[in-house]
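Inspection log for the structure reproduced underneath, given as structure tokens.
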């Protein structure tokens, strides 16, 4: 069965510091994709970063990077130089070939000035 | 491009009433899906479709019906609303293959009284 686990319900980080949001996943499909989304208090879902299961390098998008450890089935999101606008819910998601996209329960990140 | 358009944005139903949440996309995406978001539970997949005429159940399908007669539209029907269906509903679409992210509608806040 496919499953996404995010074990940190809430996280705090000081402004300008880096923070890691944890995500572990479970699938038997050899081909899959992992995503991170941000949901600010306004409610919209914002795509942040993608990692394919066959990608050799960890994905990066500006201040976001994905620490992909395939053997451990983890896909942690690293946000560098946190900003006040990073305060939001963060969701890890997984898509397998021609299959559904499932989400984890999310992590609430609060950036402290 | 409009992206993913969800209507209505807000709805109040009485227990036992039926209604249809509309979702339309103009990006020629094969994959469309419906999620419900409840506090602390992330986004849970209700139903999804990988193309016109093809639908399948997600994690929480009971009480909901879908159909996909065209590539563009993927309506979600509540046959007999219950208070347990009070939630925020999101429609999303994407290409099936490859590492493309899902695009989300703005959400529908549904209250069943």
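Counting partner chain Cβ atoms within 10 Å of every residue's Cβ in A:100-109, what's the average?
6
How many partner chain Cβ atoms sit within 10 Å of a residue's Cβ in peptide B:36-42, on average, as a whole number?
On the way: counts 0, 7, 1, 1, 4, 3, 13.
Average neighbour count from other chains, rounded to a whole number: 4.
Based on the Kirkwood radius over alpha-carbon pairs, what value in µm²/s does the Stokes-Einstein equation return for the translational diffusion coefficient of the protein assembly as shown at 37 °C and 0.692 mPa s?
Details: Rh = 18.0 Å.
Result for D is 182 µm²/s.
Among B:12-18, A:15-21, how do they line up by average Cβ neighbours within 10 Å per residue, starting with the highest?
On the way: B:12-18: 12.1, A:15-21: 15.3.
Per-residue Cβ counts within 10 Å, averaged per peptide and sorted highest first, yield A:15-21, B:12-18.
If I take every Cα pair under 8 Å that is 6 or more residues apart in chain A, average their sequence separation and divide by the length, what percent do I get for the relative contact order? Provide the component values of the computation, followed by the final result.
Numbers: 284 pairs, mean separation 42.3, N = 113.
This gives 37 percent for chain A.
Using packing as a proxy for protection, rank B:33-39, B:2-8 so that the peptide with the highest average count of other Cβ atoms within 10 Å comes first. Numbers along the way, then the final one.
On the way: B:33-39: 21.3, B:2-8: 15.1.
Highest mean packing first, the order is B:33-39, B:2-8.
Which three extents, in whole angstrom, do the alpha-carbon atoms of segment B:1-50 cover along their principal axes, largest first?
Principal extents (largest minus smallest coordinate, Cα): 36, 23, 17 Å.
How much space per residue, in cubic angstrom, does the convex hull of the C-alpha atoms of segment A:34-90 take up? Could the numbers behind the result be given before it?
Details: hull volume 4.5 nm³, N = 57.
Per-residue hull volume (Cα only) is 79 Å³.
Would you kindly work out the equivalent ellipsoid of chain A from its C-alpha gyration tensor and give its semi-axes, the square roots of five times the eigenvalues, largest first in whole Å? Mind dumping the intermediate values first?
Working: eigenvalues 113, 42, 28 Å².
With the √(5λ) rule applied to chain A, the semi-axes are 24, 14, 12 Å.
How are the C-alpha pair distances of segment B:55-97 spread across 10 Å bins, as whole percents from the shortest bin up?
Calculated P(r), rounded to whole percents: 20, 55, 22, 2.
Send over the Kirkwood Rh of segment A:1-50, from the inverse of the averaged 1/r over different Cα pairs, rounded to one decimal Å. Walk me through the numbers on the way to the answer.
Working: mean 1/r = 0.0751 Å⁻¹.
That comes to 13.3 Å for segment A:1-50.
Could you work out the relative contact order of segment B:6-113? I mean the mean sequence separation of Cα pairs under 8 Å and 6+ apart, divided by the number of residues, in percent. Don't skip to the answer; put the middle values down first.
Numbers: 274 pairs, mean separation 38.7, N = 108.
Across segment B:6-113, relative contact order equals 36 percent.
Above 17 angstrom, tally the Cα pairs of segment B:36-112 and express them as a % of all pairs, no decimals. Let's see the in-between values first.
Numbers: 1391 of 2926 pairs.
It works out to 48 percent of all Cα pairs.
Using only atoms on other chains, find how many Cβ atoms lie within 10 Å of each Cβ of peptide B:44-53 and report the average. Before the final figure, lay out each step's value.
Values: counts 3, 4, 0, 1, 4, 1, 3, 1, 0, 0.
Per residue, the average neighbour count from other chains is 2.
Run the simple label-point estimate for residue B:10 and residue B:70 please: 7 Å along Cα→C-beta, distance reported in nm.
2.9 nm
Tell me, how many Å apart are the Cα centres for segment A:2-59 and for segment B:49-88?
26 Å
Values in this text are rule-based calculations from the coordinates and carry no lab data. Since we're looking at a predicted model, the values are computed, not measured. Methodologically, a virtual Cβ is constructed for each residue, glycine included, from the backbone with ideal geometry; neighbour enumeration extends over all protein chains shown.
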